[in-house]
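Everything below concerns the one structure shown next.
The values are calculated or read from the model by the stated rules, or taken from the named source; none is laboratory data. Since the structure is predicted, the reported quantities are computational estimates derived from the model, not experimental observations. Because the Cβ atoms are built from the backbone with ideal geometry, glycine has one as well, and the counts that use them run over all protein chains shown. Heads up: the accessible areas ignore ligands, DNA and RNA and are worked out on the full protein's heavy atoms, side chains in. Shrake-Rupley method; radii C 1.70, N 1.55, O 1.52, S 1.80 Å.
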Amino acid sequence: MTNYPSHYINGQWVAAQSAETLPVHDSSTEEIMATVPAGTAQEAERAVLAARAAFEGWSSLPVETRAAYLEKVAAGLKARTDDMALAIAREVGMPLKMSRMVQVGGPTWHWGNYAKVARNFEWEKKVGNSLVVREAIGVVGCITPWNFPLSQITLKIAPALAAGCTVVLKPSEIAPVNAMILAEIIHEAGLPPGVFNLVNGMGPVVGEVLATHPEVDMVSFTGSTRAGKRVSELASQSVKRVALELGGKSASVILDDADFEAAVKGTISACMLNSGQTCSAHTRMLVPASRYEEVKALAKTAIAKFSIGPSLEESSRLGPLVSANQRDRVLGFIRTGIAEGADVIAGGAEAPPMAKGYFVQPTILGIKPTDTLAQEEIFGPVLVVIPYQDEEEAVAIANSTIYGLGGGVWSGSDEHAMKVARRIRTGQVDINGGPFNAQAPFGGYKQSGNGREAGVYGFEEFLEFKSLQLKPVAA
Ligand code: NAD
């Protein structure tokens, strides 16, 4: 077990003020694998002031110098891939091999990519008699969740630092070990003091300081819609820019002319990644009512391959959920679905045969569009199948939640699928299982959030515009 006694403020590990610690559980064994300090409001403020003091120096460095620091962090992460993958496999529960690829490989690539994005960016442009200049917005407070913890941290901090911002990170209190390893890597990369700061702790204590402090110019938040609304409310008092990446209830629409075997298999994979603890998971499968029985048979075959087991075992395809709370919440949803008359196609609320770990059986339920499970984000290995009568109804059901983050459309023709995709109010749609693109904008419509992450789109979120009006030169 590792006890982390400090926060990272102004380029140093600073011993925590309070003796209170937060336990981090290995989700496969339920053992406490680490503790982090419960940060105080004063510690959060100290970090904000350090970031403020560092801002002018960092933002005025040549872009090339900042880009070189980012590349050092990417190299440091690459060198510590094994440590990082192991920590995330234990604290989040994603099987180790997958964790290495998705939870560590992706973020390492983004650190390097943001060095390139900053170098290739058009920082100023002549428009009529103005020079339009892009500048870093200032001090950014970053608040992140536990499900893809290093990715979510990286997609805020790497572009913010590349843009010239300084940052204070409050990582998830449930999976903070990866953030501590990243802070060690950033420290070794030798960034100037105050450019990157990390304060562990609870959202209502440390997070709320970041959302309210007048010296924070922007808050970038990823997490639940509930906490995102609270952060927005608080941030409005000092008119901060707020970027929100929130929940989802994404639909995979299988059209009548699709390859059903591929579509059902693809949807189940897009639902079950990280045991369904993925904000953009395809958690609603919309199918023609006339093909429901065929879909059920295909779904039963496909789900049988998702073997559950501890995250460090080679044979596990699905790990446990992150915590006892999350497991109980998901089981509660399965029970509600069954009480409302769901057709149990696979799985259910019975405990799987593991002595330890926060496991839930991968579950598929046939439901009606008006049921609770058609609306609520479950955040577990639960897919709902909703039959529709015609394409009009399929689009209406796809658009019938408060969310709009991801989704998919399956059809025998990409054109047909794209026509339907354009009618869905959501930030990303995979056409016939088109793979994830790390350069494409990621973010939500409706209550799935504001703003976009990844690629140049995520970078521009951290910039201001300034117009310098020049006196026209006399002819
Ligand atoms: P959460 O909202 O409980 O916590 C997220 C972060 O917010 C944590 O660091 C937490 O400490 C902090 N927080 C909580 N209350 C706060 C407050 N009052 N003020 C400031 N900060 C506060 O979410 P979670 O359980 O960690 O993550 C799961 C949720 O995140 C799901 O709803 C999921 O859909 C969403 N999510 C969205 C995306 C996306 O990109 N859209 C990505 C991953 C997760």
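How much length would be gained if the chain were fully extended between residue 368 and residue 122, taking 0.36 nm per residue of separation minus their Cα-Cα distance, in nm to one decimal?
Working it through step by step, the gained length comes to 83.6 nm.
Can you tell me the convex hull volume per residue for segment 220-333, based on C-alpha atoms, in Å³ to the nearest whole number?
Value for segment 220-333: 152 Å³ per residue.
Across all directions of projection, what mean area in square nanometres is found for the Cα convex hull of segment 414-467?
With every direction weighted equally, the projected area is 5.1 nm².
Computed from the mean reciprocal separation of all distinct C-alpha pairs, what Kirkwood hydrodynamic radius does the chain have, in Å?
23.1
Using just the helices of the chain, give the 222 nm mean residue ellipticity in deg cm²/dmol: DSSP H runs with n ≥ 4 each add -39,500 (n - 2.57), and the total is spread over all residues, rounded to 500.
-11000 deg cm²/dmol
Ignoring ligands, DNA and RNA, what percent of the accessible area of segment 140-192 is carbon or sulfur (1.4 Å)?
55
Rounded if a/c is under 1.5, else prolate if a/b is larger than b/c, else oblate: which is segment 197-254, with a ≥ b ≥ c the root eigenvalues of its Cα gyration tensor?
Prolate, since a/c reaches 1.5 and a/b exceeds b/c.
As I understand it, the value is the acute angle between the Cα axis of helix 63-79 and the longest principal axis of the Cα atoms of the chain; what does it come to in degrees, rounded to 10?
Here the helix axis deviates by roughly 50 degrees.
By the gyration tensor of its Cα atoms, with a ≥ b ≥ c the square roots of the eigenvalues, what is the shape of segment 307-466: rounded for a/c under 1.5, prolate for a/b over b/c, or oblate?
Taking the square roots of the gyration eigenvalues as a ≥ b ≥ c, segment 307-466 is oblate.
Where does helix 177-189 land angle-wise versus the long Cα axis of the chain, in degrees 0 to 90, nearest 10?
Its long axis makes an angle of about 30 degrees.
Report, by chain and number, residues whose modeled amide H sits under 5 Å from the one on residue 358, excluding near sequence neighbours (fewer than 5 apart, same chain).
When sequence neighbours closer than 5 places are left aside, the close amide H contacts are 321.
Taking a virtual spin label 7 Å from the Cα of residue 257 along the C-beta vector, which residues in segment 394-427 bring their backbone nitrogen under 14 Å of it?
410-421
Could you grab the Rg to Rh ratio for segment 15-78? Cα atoms only, Kirkwood for Rh.
1.15
With a point put 7 Å past each Cα toward its Cβ, work out how far residue 187 is from residue 396 in nm, to one decimal.
5.9
Probe of 1.4 angstrom, ligands and nucleic acids ignored: what's the accessible area per residue over segment 130-274, in square angstrom?
Per-residue accessible area for segment 130-274 comes out at 26 Å².
Stokes-Einstein at 20 °C, 1.002 mPa s, Kirkwood radius from Cα pairs: D for segment 237-295 in µm² s⁻¹?
D, rounded to a whole number, is 161 µm²/s.
For segment 333-344, in order, what is each residue's ³J(HN,Hα) by Karplus, 6.51 cos²θ - 1.76 cosθ + 1.60 with θ = phi - 60°, in whole Hz (x at glycine and Pro)?
5, 4, 5, 4, x, 5, 5, 7, x, 4, 8, 7
Measure nothing fancy, just the Cα-based angle from helix 106-120's long axis to the longest principal axis of the chain, in degrees from 0 to 90, nearest 10.
Approximately 50 degrees, to the nearest 10.
If every alpha-carbon in segment 169-269 counts as one equal scatterer, what log10 I(q)/I(0) does Debye give at q = 0.16, 0.21 1/Å?
For segment 169-269 at q = 0.16, 0.21 Å⁻¹, log10 I(q)/I(0) is -0.79, -1.08.
Return the whole-Å distance between the Cα centroid of segment 390-411 and the Cα centroid of segment 119-140.
Using only Cα atoms to place each centre, the spacing works out to 38 Å.
Over the C-alpha atoms of segment 85-177, what are the Rg and the largest Cα-to-Cα span, Dmax, in Å?
Rg and Dmax of segment 85-177, Cα atoms, are 16.6, 57 Å.
Give the Cα extents of segment 1-120 along the principal axes, in whole Å, largest first.
47, 38, 17
Taking all protein chains as present, what is the carbon and sulfur share of the accessible area of segment 278-358, in % to the nearest whole number, probe 1.4 Å?
Carbon-and-sulfur percentage of accessible area, whole number: 53.
If one computes the Cα centroid of segment 6-74 and of segment 289-362, what distance in Å separates the two points?
Centre-to-centre (Cα) distance: 36 Å.
In Å³ and rounded to a whole number, note down the convex hull volume per residue for the Cα atoms of segment 349-391.
Measuring per residue, one finds 84 Å³ for the Cα hull of segment 349-391.
Determine the per residue accessible area of segment 337-475 with all protein chains present and a 1.4 angstrom probe, expressed in square angstrom.
I get 49 Å² per residue for this part.
Taking 45 Å as R0, compute the FRET efficiency from the Cβ-Cβ separation of residue 375 and residue 32 and round it to 0.05.
The computed FRET efficiency comes out at 0.80.
Tell me the carbon and sulfur percent of the accessible area for segment 214-270, rounded to whole percent, probe radius 1.4 Å.
50
Apply 1/(1 + (r/R0)^6) to the Cβ-Cβ distance of residue 324 and residue 293, taking R0 = 35 Å, and write down the FRET efficiency to the nearest 0.05.
So the FRET efficiency works out to roughly 0.40.
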